[in-house]
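Working notes, beginning with the structure itself.
The values are calculated or read from the model by the stated rules, or taken from the named source; none is laboratory data. Just so we're clear, the structure is a prediction, and the values are computed from it rather than from any experiment. Cβ placement follows ideal geometry from the backbone for every residue including glycine, while neighbour counts extend to all protein chains displayed. All accessible areas refer to the heavy atoms of the entire protein, side chains included, with ligands and DNA or RNA removed. Shrake-Rupley method; radii C 1.70, N 1.55, O 1.52, S 1.80 Å.
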Amino acid sequence: MENFVFYAPTLFAFGKDTENDTGKYVKQFAGSKVLIHYGSGSVVRSGLLDRVKASLDNEGISYVELGGAMPNPRSGLVYEGIELCRKEKVDFVLAVGGGSTIDSAKAIAAGAVYDGDFWDFYEGKCVEKALPIGTVLTIAAAGSEGSPDSVITKEDGMFKRGASGPAFRPRFSILNPALTQTLPEYQTACGITDIMAHLYERYLTNTQEVETTDRMIEALLLAMIHEGPRVIENPDNYEARANIMWAGMQAHNNSCGVGRSQDWTSHDLEHELSALYDCAHGAGLAVVMPAVFTYNLKHDVNRFAKIAHRVWGCQMDFECPERTAIEGIERLQDFLISIGMPYDFESLGAKKEDIDTLAQQACYGNGRTGTIGGFVSLNKEDVVNIYKLML
């Protein structure tokens, strides 16, 4: 295990009706003028936004609003939010929504106190300062409610890139599983897929002797395999929703990733798909992951065989562990299909003739130098071959 520093100070208020305490937590963290950032009309139609505003009113906290956050959040709205924060002298950013809304809120919070272009953070600059951030989560998926990360799509060039830094950790996050019960089945399944991808990206490591975090990742994957079908069958299953929501946070606050190298190839390749075709991130990952894992299998057959045995219950073939490893990848794909996820390029709306462009963007776009991947170093030719596996 490698040396590491882990600091995750977010306060989590978990359970039914916890959104009614939003104002109390904003006050606890010294917010006095809030930007409420949200997405589409669902938080309005459900009455959630009104409940949040009432809680702020009860604490005497003023606010301004910025709606319009969308899946694969865009840079244009971030610039608008930055200007609004500066104009209104906002001192706290509150995201009400899913991962896309939270990621957009994080970018606004960083840009509002930064003299340069916020996009600098999405080209590698560490986020060390931002307005304090709070979240009211409505979708269990991205884990942004507990992570130091954010992903934004730059409309000039349609680059989808991530930023990270300690200032992106929310001061508090309100997690009420009941708020996810009205989600369409497809969005729920996309969220489950994203959570599982965050776990796989950390499991695929070149660091030796990381049994503790291996076991943590395996346990969370087993929980998703158990709870996923239950919530697809019964969307009102609060307990299944609760377990998925807490797993989503644990999967991406990096408690499972400390002391070990990580991969993120699947995310890098998916980001190009969702940037170009605007497909759902989880759906894209469902197509990308099996292809990436199949291509990288021989780099460490035993690691793929281990997760196949421990998580998917595959019989370990000690004479040919590659058979076990392949079976594990097949069982992952079968599971994702069973909860309603796509399995190939066409089902994402992607086109074979765009593969070279996608690979070029992944390896060279927005300042990249030709290779990606933390588990296996991949060049453009490799990436082209992986995209072709998705056909």
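Annotations for the structure displayed:
- Every residue from the range 266-287 that is open to solvent by 10 Å² or more (accessible area, probe 1.4 Å) and not charged (D, E, K, R): H267, H271, L276, Y277, C279, A280, H281
- Residues that are more than 18 Å from A141 (Cβ to Cβ) and either touching a Ser or Thr at 6+ places or on another chain (Cβ under 8 Å) or open to solvent by less than 30 Å² (accessible area, probe 1.4 Å) (or both) within the range 211-225 comprise T213, D214, M216, E218, listed in sequence order.
- Subset of the range 359-381 that is part of a helix (DSSP H, G or I) and of a type in the set (G, A, S) - its residue that is most open to solvent (accessible area, probe 1.4 Å): G367
- Candidates T324, T294: the one that is over 29 Å from A350 (Cβ atoms) and touching a residue at least 12 places away in the same chain (Cβ under 8 Å) is T324.
- D57 passes every criterion in (1) part of a helix (DSSP H, G or I); (2) surrounded by 17 or more Cβ atoms within 10 Å (Cβ to Cβ) apart from (2).
- Remark: S144 matches the filter, which requires a residue to be under 26 Å from L276 (Cα atoms) and either in contact with a Ser or Thr (Cβ under 9 Å, 6 or more places away or on another chain) or open to solvent by less than 30 Å² (accessible area, probe 1.4 Å) (or both).
- Residue match in the range 226-240 (condition: surrounded by fewer than 24 Cβ atoms within 10 Å (Cβ to Cβ), part of a loop (DSSP other than H, G, I, E, B) and of a type in the set (A, V, I, L, M, F, W, C)): no
- When the criteria are applied in full, L66 meets the requirement of being free of Cβ contacts under 8 Å to residues at least 60 places away in the same chain, crowded, with 17+ Cβ neighbours inside 10 Å and touching a Leu at 6+ places or on another chain (Cβ under 7 Å).
- Restricted to helices (runs of 4 or more DSSP H) entirely inside the range 265-350, those with at least 2 residues that are basic (K, R) and over 20 Å from the mean Cα position of the chain (by Cα) are 301-312, 321-338.
- Candidate set from the range 1-37 (those that are under 22 Å from S62 (Cα atoms) and of a type in the set (D, E)); member that is most open to solvent (accessible area, probe 1.4 Å): D17
- The set of residues in the range 321-339 being open to solvent by 40 Å² or more (accessible area, probe 1.4 Å) and not polar (S, T, N, Q) consists of E322, R323, I326, E327, E330, R331, D334, I337.
- When residues of the range 152-193 are limited to those that are hydrophobic (A, V, I, L, M, F, W, C), under 27 Å from A240 (Cα atoms) and open to solvent by 10 Å² or more (accessible area, probe 1.4 Å), the one farthest from the chain's Cα centre (by Cα): A178
- Given (1) over 29 Å from E2 (Cα atoms); (2) open to solvent by 20 Å² or more (accessible area, probe 1.4 Å), number of the condition N302 does not satisfy: (1)
- Filter pass, Y203 being open to solvent by 10 Å² or more (accessible area, probe 1.4 Å), modelled with pLDDT of 95 or more and of a type in the set (F, W, Y): no
- As a summary of the residue check, P132 satisfies the conditions (1) surrounded by fewer than 24 Cβ atoms within 10 Å (Cβ to Cβ); (2) within 28 Å of S274 (Cα to Cα) except for the one numbered (2).
- For the residues I36, I82, the requirement of being modelled with pLDDT of 95 or more and in a helix (DSSP H, G or I) singles out I82.
- Scanning the range 245-264 for residues that are in contact with a helix residue (DSSP H, G or I) (Cβ under 9 Å, 6 or more places away or on another chain), outside any helix (DSSP H, G or I) and on the phi < 0 side of the Ramachandran plot turns up S255, C256, G257, V258, R260, Q262, D263.
- Considering each residue of the range 375-385 in turn, at least one proves to be touching a Leu at 6+ places or on another chain (Cβ under 8 Å) and under 18 Å from W264 (Cβ atoms).
- If you filter the range 90-112 down to residues that are of a type outside the set (G, A, S) and in a loop (DSSP other than H, G, I, E, B), you find that the one that is least open to solvent (accessible area, probe 1.4 Å) is V90.
- Apart from one condition, A197 fits all of (1) under 17 Å from the mean Cα position of the chain (by Cα); (2) surrounded by fewer than 22 Cβ atoms within 10 Å (Cβ to Cβ); (3) of a type in the set (G, A, S); the exception is (2).
- Residues satisfying the stated conditions in the range 113-129, i.e. surrounded by 24 or more Cβ atoms within 10 Å (Cβ to Cβ) and assigned to a loop (DSSP other than H, G, I, E, B): V127
- Annotation: E19 fulfils all but one of (1) among the acidic types (D, E); (2) touching a residue at least 40 places away in the same chain (Cβ under 8 Å); (3) not in a helix (DSSP H, G or I); the unmet one is (3).
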